[in-house]
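*Asks:* The structure that follows is given in the form of structure tokens.
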Amino acid sequence: MGLAIGVQASLEVRQRFFVIYRAIWSRKCKRTMEEPNPVTFDTLLGAFYSSGRFSEVENLWSLMEEKKVIPDLRCYNSRLHGMVKEKRLSEAVDVFKELELKGLKPNNYTYNLVMKGFVDEGTLDDVKRCLLA
């Protein structure tokens with residue numbers, strides 16, 4: 001029983017943190033004329049994905065679009081890493097294709113993430129079909 005209460009409180013704290021962070025960031029950017037950038041978002045994406053908090057990540061991607069921040073390869077790699085970790089391989093493949101369509105060139109880390117997803121799913125034969133398509 002105590003564990004469930006602790007988990008609930010922890011989730012509430014994390015959700016509240018995101019709301020507060022977003023409010024502070026908006027005020028700071030307006031006050032100092034600083035613009036958010038891909039490095040800032042990549043840091044947050046990595047933290048949210050590594051803790052499996054996908055709803056916050058989707059909010060963060062929306063915020064990137066709202067702030068007109070163009071995700072770089074590191075942002076996409078963070079997204080791929082989280083999706084592979086959570087065994088969301090079909091979504092990871094879509095993201096891989098999206099980054100190529102946006103003109104980004106996958107690096108070794110990008111390819112390794114996608115290959116790891118296929119290996120973990122036991123569908124190694126699909127690697128060639130996906131990555132060479």
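Values quoted throughout were computed directly from the atomic coordinates according to the rules given, and no laboratory measurement underlies them. What you see is a predicted model, and the numbers here were worked out from it, not measured in a lab. Quick reminder, even Gly has a Cβ in these numbers, built from the backbone with ideal geometry, and neighbours come from all protein chains shown.
*Asks:* Under a Cβ-only charge scheme (Lys and Arg +1, Asp and Glu -1), can you give me the dipole magnitude of the range 61-133 about the Cα centre, in debye to the nearest 20?
*Replies:* Values: 13 positive and 12 negative charges, 46 e Å.
Dipole magnitude for the range 61-133 comes out near 220 debye.
*Asks:* Whole-Hz ³J(HN,Hα) for each residue in the range 36-49, computed from phi via Karplus 6.51 cos²θ - 1.76 cosθ + 1.60 with θ = phi - 60°, x for glycine and proline: what do you get?
*Replies:* x, 9, x, 5, 4, 5, 4, 4, 5, 4, x, 5, 5, 5
*Asks:* Tell me whether the range 44-87 comes out rounded, prolate or oblate; compute the Cα gyration tensor, take square roots of the eigenvalues as a ≥ b ≥ c, and use a/c under 1.5 as the rounded threshold.
*Replies:* Here the range 44-87 falls in the oblate category.
*Asks:* For the range 35-131, what class follows from the C-alpha gyration tensor (a ≥ b ≥ c being the square roots of its eigenvalues): rounded when a/c is under 1.5, otherwise prolate if a/b is larger than b/c, else oblate? Can you show the working numbers first?
*Replies:* Values: a/c = 2.31, a/b = 1.57, b/c = 1.47.
Cα axes put the range 35-131 in the prolate bin.
*Asks:* Let me ask something additional. Output the peptides 78-87, 64-73, 99-108, 36-45 sorted from most to least packed, where packing is the average of other Cβ atoms within 10 Å over each peptide's residues.
*Replies:* Result, highest mean first: 78-87, 36-45, 64-73, 99-108.
*Asks:* Under 25 Å between alpha carbons: how many lysine pairs meet that in the range 35-131, if sequence neighbours fewer than 8 apart on the same chain are excluded?
*Replies:* Lysine pairs meeting both conditions in the range 35-131 amount to 24.
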